[in-house]
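Read-outs throughout are calculated quantities, based only on the coordinates presented, and are distinct from any laboratory measurement. Being a predicted model, the structure only gives us computed values, none of them experimental. All Cβ positions, even for glycine, are placed from backbone atoms using ideal geometry, and neighbour counts span all protein chains on display.
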Amino acid sequence: MTNSQTKSAKKTTGVKNIRPAEPIEPPKPRSRILIVDDHPAVREGLALRIEGQPDLEVCGQAADVPEALRAVPATRPDIAVVDISLKSGNGLDLIKRLKTHPHPVRILVWSMHGENLYAERALRAGAAGYITKEEATDQIIEAIRQVRDGKVYLSDRMKEHMLKRAVTHAANPIRSPVEDLSDRELEVFQMIGQGLDTQSIAKKMFLSPKTVETYVSRIKKKLDLASSRELLQRAAQWEMTKA
């Protein structure tokens, strides 16, 4: 073989050894978030924070239970971020209804209400996490991702509280009487503390005034209160200090 033939063969061999370019994987779809909160400014602020993330996007917003129930089939979210207090209805009630909804959605509660009373109720209702609005905004993003990934999100403080409670409950079952109220009774109690009358509570909860009065009677009995005046005072005091 001549020198020119040898060089030509080497060049040909070199061309054959070039590795083809690796295929570029398409980007993963972003997780879809529905925000349910009765304050437009709060919804918009959280939406801006979420839209700045490469793996998350806001698919819809709602101010109350009816809007949220309409938004779920229309927007098909992966996660709903839900407040406890809504324009009408209640976040705990919404969680229970979403858990039986044909479209599966994981739920994270993001609320101004303190964890000690509401976090366990939210988890029992079907939520996968609870975070207060006092937390830094980057923490809500972390909470959303954990819930999306199938984990349960609670603050370290709440995890410790629940663990201590589980360990000591049998030996020392000391509870606030308010903790013994049902979710509906607690909702009525909260609204009484906010100064709402029976008619207003009934309208907001989509109940009859007579049903609200029944809840009021049960609350008085559980809290050992003799009059509506005592109930109003107790509810107002609790509303000021619960967080």
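Using a Förster distance of 30 angstrom, determine the FRET efficiency expected from the C-beta separation of residue 116 and residue 87, and round it to 0.05. FRET efficiency, residue 116 to residue 87: 0.75. Extension gain, residue 167 to residue 227: 0.36 nm times the residue separation minus the Cα-Cα distance gives 17.9 nm. Using 0.36 nm per residue and subtracting the Cα-Cα separation, the extra length available between residue 217 and residue 156 on full extension is 18.2 nm. Subtracting the Cα-Cα distance of residue 237 and residue 133 from their residue separation scaled by 0.36 nm leaves 35.3 nm.
Is segment 101-149 best put as rounded, prolate or oblate by its Cα gyration tensor, with a ≥ b ≥ c the root eigenvalues, rounded for a/c under 1.5, and otherwise prolate when a/b is larger than b/c, oblate when not? It is oblate, given that a/c is not under 1.5 and a/b is not larger than b/c. Backbone amide hydrogens, once placed in the peptide plane, bring residue 61 within less than 5 Å of 35, excluding anything fewer than 5 places away on its chain. Computed from the Kirkwood radius of its Cα pairs, the Stokes-Einstein diffusion coefficient for segment 65-149 at 10 °C and 1.306 mPa s stands at 123 µm²/s. Amide hydrogen proximity for residue 107: with H placed 1.01 Å from N in the peptide plane, the residues at 5 or more positions away or on another chain lying under 5 Å are 80, 128.
Exceeding 28 Å between C-alpha atoms, which entries from my cross-link table qualify? They are 96/204; 133/210; 164/210; 159/220; 96/133. Too far apart for the 28 Å limit: 133/210; 164/210; 159/220. The equivalent ellipsoid that matches the C-alpha gyration tensor of segment 35-190 spans semi-axes of 26, 18, 14 angstrom, in descending order.
Once you order the gyration tensor axes a ≥ b ≥ c over the Cα atoms, which shape class does segment 134-226 get: rounded for a/c under 1.5, otherwise prolate or oblate by comparing a/b with b/c?
Oblate.
As a size descriptor, the averaged projected area of the C-alpha convex hull of segment 177-241 was calculated at 3.8 nm².
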